[in-house]
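**Student:** I have a structure I would like to understand better, so I am pasting it below and will then ask my questions one at a time.
The values are calculated or read from the model by the stated rules, or taken from the named source; none is laboratory data. Remember, it's a predicted structure, so these values are computed and weren't measured experimentally. Every residue, glycine among them, receives a Cβ derived from its backbone with ideal geometry; neighbour counts consider all protein chains shown. Accessible surface areas use protein heavy atoms only, side chains included; no ligands, DNA or RNA. Shrake-Rupley method; radii C 1.70, N 1.55, O 1.52, S 1.80 Å.
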Amino acid sequence: MKGQLVDTYGRVHKDLRISITDRCNFRCSYCMPEDGLEWSPREDLLTFEEIERIAGLLVDRFGVESIRITGGEPTVRANLADLINRLAKLRVDLSMTTNGATLSLAANRLKEAGLKRINVSLDSLRRERFAQLTRRDNLNQVLEGITTATDVGFDPVKVNMVVMKGINDDEVLDFVEFGRTNGVIVRFIEFMPLDADEAWDERKVMPLSEILEVISKAHGLIPVERDNSPAARWKYEDGAGEIGVIATVSDAFCDSCDRIRLTADGKFRNCLFALKDYDLRELLRDGADDDQISNLFINGVKDKWEGHKIGKSVFIRPSKSMSQIGG
Ligand code: SAM
Ligand code: SF4
């Protein structure tokens with residue numbers, strides 16, 4: 001069995017996100033409650049062998065081209081470099097999203113294991129605000145992590161900032177300067193209704209149009225032709241790098257979405273906002289062969305909807321938060 005993972009709208013899926021843990025050493029207010037969430041027991045998490053098997057099958061049979069490791073916080077999982085090593089053998093575009101807190105210690109090992117690209121999440125450059133937002137006083141460690149990631153040769157390093165009105169929207173230009181000075185690509189992300197506290201409100205979203213308005217007052221921007229990336233991109237006119245905006249709420253990119261997801265506890269999801277998932281772990285542990293596993297993917301992708309309906313009356317918020325799904 002070989003082919004492509006195509007849904008009923010003709011979208012071909014080649015981008016896989018694998019969450020490897022739902023644990024985290026941070027408690028970002030837009031993602032987790034202050035007391036944390038109940039972590040999945042160890043035995044419920046897919047093992048590295050199981051992840052390697054699924055990823056290999058998706059690459060060999062369905063032409064998956066890129067894999068991003070995420071979580072929870074992926075760096076809290078023991079022996080992460082071992083998993084990177086296994087996935088690097090698949091020769092895909094292998095990347096990871098991290099909060100960066102321990103990156104200064106891990107970056108070199110991960111690079112040597114075969115990780116190609118790193119995205120670091122950072123929402124404030126001000127120590128007190130950072131501590132409030134993440135409920136951890138770790139700004140310096142994250143900044144060190146970004147520097148180390150650049151020094152060991154990750155290129156590009158991307159910094160993801162979730163922009164929330166009245167909370168950190170006054171730092172958009174500080175992030176622009178941070179990116180330009182440190183040679184990293186900053187991507188501004190619209191706040192999504194996937195926070196565990198359910199405090200999301202459309203009025204807290206700073207839309208793409210407003211983000212661009214602020215930045216273009218300070219710097220000339222040239223649009224970059226859109227590819228399958230969720231980010232709309234612009235280059236600075238003076239050549240000092242680029243920015244991206246992930247406008248999930250105000251300008252959804254569902255039409256070109258080629259992403260599929262695997263949660264840490266082995267559920268397959270065809271959309272971040274999906275209300276249904278598919279139990280891959282049970283199938284694997286019941287001894288399913290590759291054809292049976294492939295069928296789960298084929299049918300799961302066929303079921304994919306046209307797009308999320310955030311902001312419309314029909315939108316239903318998924319019961320899981322971003323950290324449980326794998327952002
Ligand atoms: N712990 C890692 C990190 O923070 O980079 C990886 C997992 S985290 C869930 C992945 C991404 O989701 C981060 O960039 C984070 O900022 C983003 N995120 C979490 N909750 C969000 C929300 N409600 N709206 C928008 N982005 C969110
Ligand atoms: Fe942890 Fe990432 Fe969620 Fe922050 S955004 S609480 S770092 S999983």
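**Student:** Report yes if ASP155 is more than 12 Å from ligand 1 (Cβ to nearest atom) and assigned to a helix (DSSP H, G or I), otherwise no.
**Tutor:** So ASP155 does not fit the description; no.
**Student:** Taking ALA55, is it open to solvent by less than 20 Å² (accessible area, probe 1.4 Å), away from ligand 1 (no atom under 16 Å from the Cβ), of a type in the set (Gly, Ala, Ser) and at negative phi?
**Tutor:** Yes: the conditions hold for ALA55.
**Student:** Name the residues in the range 158-189 that are open to solvent by 30 Å² or more (accessible area, probe 1.4 Å), within 16 Å of ligand 1 (Cβ to nearest atom) and in contact (Cβ under 8 Å) with a residue 60 or more places away in the chain, would you?
**Tutor:** Matches in the range 158-189: LYS158 only.
**Student:** Can you name every residue in the range 278-327 that is over 26 Å from GLY3 (Cβ atoms) and of a type in the set (D, E, K, R)?
**Tutor:** LYS309, LYS312, ARG317, LYS320
**Student:** Next question. Filter the range 122-138 down to the residues that are without any contact (Cβ under 8 Å) to a residue 60 or more places away in the chain and open to solvent by 10 Å² or more (accessible area, probe 1.4 Å) and list them by number.
**Tutor:** LEU125, ARG126, ARG127, GLU128, ARG129, ALA131, ASP137
This table checks each residue for (1) among the hydrophobic types (A, V, I, L, M, F, W, C); (2) part of a loop (DSSP other than H, G, I, E, B); (3) in contact with a Pro (Cβ under 8 Å, 6 or more places away or on another chain).
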site: ALA131; (1), (2), (3): yes, no, no
site: ARG136; (1), (2), (3): no, yes, no
site: ASN140; (1), (2), (3): no, no, no
site: GLU144; (1), (2), (3): no, no, no
site: ASN160; (1), (2), (3): no, no, no
site: ILE167; (1), (2), (3): yes, yes, no
site: ASP170; (1), (2), (3): no, no, no
site: GLU177; (1), (2), (3): no, no, no
site: ASP197; (1), (2), (3): no, yes, yes
